[in-house]
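Inspection log for the structure reproduced underneath, given as structure tokens.
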Amino acid sequence: MRSGVAWIVGVRPLLLREPLVFSYGLTCSNCGWQTVCGRDDAIARLRLIGQLRREPDPDEDLVEALLVEAAPRMTCPLCKEKKLSARPTQDDAADDWQAAVLCEICREPIDPERVEAIPSTKRCAACQGKTEAGQHSEIEPDYCPNCGSLVEIRVSRGSGITRYRRVCTGDPPCRL
């Protein structure tokens, strides 16, 4: 087999299609900041703004559609403006997408040696060690359905049968 073409003597070459890799570029129109998102990174970014909260393993087509639609509501890490756009990347080098595997917890790049040794890894060595030691919580945070900010559970000051209440941490906080 040579470069995606099956060669059998006396038979016409058959082109084999390689599976497409999920890869979208996020760009800030204000300051020019750019990054490339894989499927897991896109899901994490969508969850930060309150999307895909109840979907444990969303379909790739849904992630693509939501990322393009929700990118203008995402905040640029440099200029803090909500002016991002998402487009599919046109990457010819098939090995480059593995060069930037990010940890699902701390969002830092995972060492290439670790990715080479354990190709299915989703966490860096430090976060994996903390998870195995029981220091990381496996509970997903709750997000405000109105603005996408984190929701905290606080002790209620009033009387009644409920002791706790949910509070939006957005600025200004939403009424839940």
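The values are calculated or read from the model by the stated rules, or taken from the named source; none is laboratory data. Since we're looking at a predicted model, the values are computed, not measured. With ideal geometry, Cβ positions are generated from the backbone for all residues, glycine too; neighbour counts draw on all protein chains shown.
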I'm told GLU140 meets every condition in (1) assigned to a loop (DSSP other than H, G, I, E, B); (2) surrounded by 10 or more Cβ atoms within 10 Å (Cβ to Cβ); (3) at pLDDT 80 or above; (4) under 21 Å from the mean Cα position of the chain (by Cα) except one. Can you identify the failing condition by its number? (3)
When region 24-45 is checked residue by residue, the ones that are in a loop (DSSP other than H, G, I, E, B) and either more than 11 Å from the chain's Cα centre (by Cα) or exposed (fewer than 15 other Cβ atoms within 10 Å of the Cβ) (or both) are SER29, ASN30, CYS31, GLY32, TRP33
From LEU48, LEU52, LEU84, LEU78, which residue is modelled with pLDDT of 90 or more and outside the structural domain of PRO145 (by TED's automatic domain parsing)? LEU84
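Of the residues in region 46-65, how many are assigned to a loop (DSSP other than H, G, I, E, B) and in contact with a helix residue (DSSP H, G or I) (Cβ under 8 Å, 6 or more places away or on another chain)? Talk me through it step by step, then tell me what you get.
To start, the set of residues in region 46-65 that are assigned to a loop (DSSP other than H, G, I, E, B) comprises 49-59.
Then drop every residue that is not in contact with a helix residue (DSSP H, G or I) (Cβ under 8 Å, 6 or more places away or on another chain), which leaves 49, 51-53, 55, 58.
So the count comes out to 6.
A quick yes/no check of all residues on (1) in contact (Cβ under 8 Å) with a residue 12 or more places away in the chain; (2) more than 19 Å from ALA44 (Cα to Cα):
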site: THR121; (1), (2): yes, no
site: GLU132; (1), (2): no, yes
site: PRO141; (1), (2): no, no
site: CYS144; (1), (2): yes, no
site: SER156; (1), (2): no, yes
site: ILE161; (1), (2): no, yes
Might you check whether a residue that is at pLDDT below 90, part of a helix (DSSP H, G or I) and either within 19 Å of TYR143 (Cα to Cα) or among the hydrophobic types (A, V, I, L, M, F, W, C) (or both) occurs anywhere in region 102-115? yes
Answer yes or no as to whether GLY170 is of a type outside the set (Ser, Thr, Tyr), assigned to a loop (DSSP other than H, G, I, E, B) and more than 19 Å from the chain's Cα centre (by Cα). yes
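Which residues, taken from region 1-45, are modelled with pLDDT under 85 and in contact with a Gly (Cβ under 7 Å, 6 or more places away or on another chain)?
Narrowing region 1-45 to residues modelled with pLDDT under 85: 1-22.
Residues satisfying the conditions are LEU15, LEU16, GLU18, PHE22.
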